[in-house]
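Bear in mind these aren't lab numbers, they're just calculated from the coordinates by the rules spelled out. Being a predicted model, the structure only gives us computed values, none of them experimental. Neighbour counts are summed over all protein chains in view; Cβ atoms, including those assigned to glycine, are modelled from backbone coordinates with ideal geometry.
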Amino acid sequence: MSNLFVERSLEEIRFWSRIMKEHALFLRLGFTVDQPKLVQEADHFYNVFENIEERAAAFTSDSDREQIARFNMEVYQATTHIWAFKRKVLGLILSCQIITNNYPLLVDHVSREAAYFMNRLEQLNKGILEPLPDAIINENVFFLRLMADHAKFIAHLLDPSERNLIADANDFSYQFDQLLFQAVDLESMRPESQTGPMLTRFIEENRPAVQSLRDFKQTARELIEECRLRSNIHPLLADHTFREANRFLELLDRFEASLTAGSNSLLK
Ligand SMILES: [Fe+2]
Ligand SMILES: [Fe+2]
């Protein structure tokens, strides 16, 4: 039990602290030369999360449970601050006080990811280590929306001359919007929609779509790295969204395993 707590905490922190660090970089790169104060703030968060990432790498699964619980709280605090920074930037954009090279939806998106990370850290410290059946639909709603957003970012950051790839990205956007609405429908049908077979089918339907989007992102990443793509996409942003799709796939496997374990325990 105590080891699982340490393992899950380190896994979440290692994944999401790198993501938070990269968000700080993307925000920084989006600010213009007349926004040095915002650049400085973004740099500060980059350093904060780089430090967290290094410390998380130094812990092991044998690390002390209490020490990890304190670390989770500290990371939670840092994430609250980057969340507030992202919301502040979004407010500045939406009130037309600044113009940045990041879309408002991207800034909102990265703030949602920060809020999710905060929530996970809170759950871990409360002892919720595995996804509850109740949370499976919510997690899918959250991640499907991220995937739908990613498809839109790719479509809008490609050069207009990349007609075929824009069409592909728009297809993914439509497909994930549909899956998202399906998940939202199931959400309002709770608790009746939470029966094992219904949820298992839901997961099985989402998985191949996420796999194809992940492959599409991988192709885009390779094309960018080889300088074969015309776009405004930073190579690290392509890799970043690829890793987030992989994370969703890992969670889908975990949800499916927990549903199978749940139905077995019901049979006993
Ligand atoms: Fe992200
Ligand atoms: Fe994302």
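Tell me, what ³J(HN,Hα) does each residue in the stretch 37-45 have, in order and in whole Hz, if you take phi through Karplus 6.51 cos²θ - 1.76 cosθ + 1.60 with θ = phi - 60° and put x for Gly and Pro?
5, 5, 4, 4, 4, 5, 4, 4, 5
Amide H to amide H under 5 Å from residue 231: which residues, 5+ apart in sequence or cross-chain, H placed 1.01 Å off N in plane?
159
Taking 0.36 nm per intervening residue step and subtracting the Cα-Cα distance, what contour gain separates residue 32 from residue 81 on full extension? Present the calculation step by step, with values, prior to reporting the outcome.
Numbers: separation 49, 0.36 × 49 = 17.64 nm, distance 2.21 nm.
Between residue 32 and residue 81, full extension yields an extra 15.4 nm.
If packing is taken as the average count of other Cβ atoms within 10 Å, what order do 101-111, 120-130 fall into, highest mean first?
101-111, 120-130
Amide H neighbours of residue 31 under 5 Å, counting only residues 5+ apart in sequence or on other chains, H built in-plane at 1.01 Å?
101
From the helices alone, meaning DSSP H stretches of at least four residues, give me the mean residue ellipticity at 222 nm for the chain, per-run term -39500 (n - 2.57), in deg cm²/dmol to the nearest 500.
Mean residue ellipticity at 222 nm (helix-derived): -29000 deg cm²/dmol.
Show me, for the stretch 58-73, the HN-Hα J-couplings you get by feeding each phi into the Karplus relation (A = 6.51, B = -1.76, C = 1.60, θ = phi - 60°), rounded to Hz, glycine and proline as x.
Couplings: 7, 6, 10, 5, 8, 4, 5, 4, 5, 5, 5, 4, 5, 4, 4, 5 Hz.
Give me the Kirkwood hydrodynamic radius of the stretch 26-160, using the inverse of the mean 1/r over all pairs of distinct Cα atoms, in Å to one decimal.
Every distinct Cα pair counted, the radius reaches 16.9 Å.
Quick check of the Kirkwood formula: for the chain, what is the inverse mean of 1/r over all pairs of different Cα atoms, in Å?
On the way: mean 1/r = 0.0505 Å⁻¹.
Every distinct Cα pair counted, the radius reaches 19.8 Å.
Once you have the Cα-Cα distance between residue 125 and residue 243, take 0.36 nm times their residue separation minus that, and quote the gain in nm to one decimal. Write out the running numbers ahead of the final one.
Numbers: separation 118, 0.36 × 118 = 42.48 nm, distance 2.51 nm.
Full-extension gain reported as 40.0 nm.
In this model, which of 37/217; 21/152; 21/217; 126/152 are farther than 30 Å apart at the alpha-carbon? List each step's numbers first, then the result.
Working: 37/217 33 Å; 21/152 22 Å; 21/217 20 Å; 126/152 35 Å.
Violating the 30 Å limit, Cα to Cα: 37/217; 126/152.
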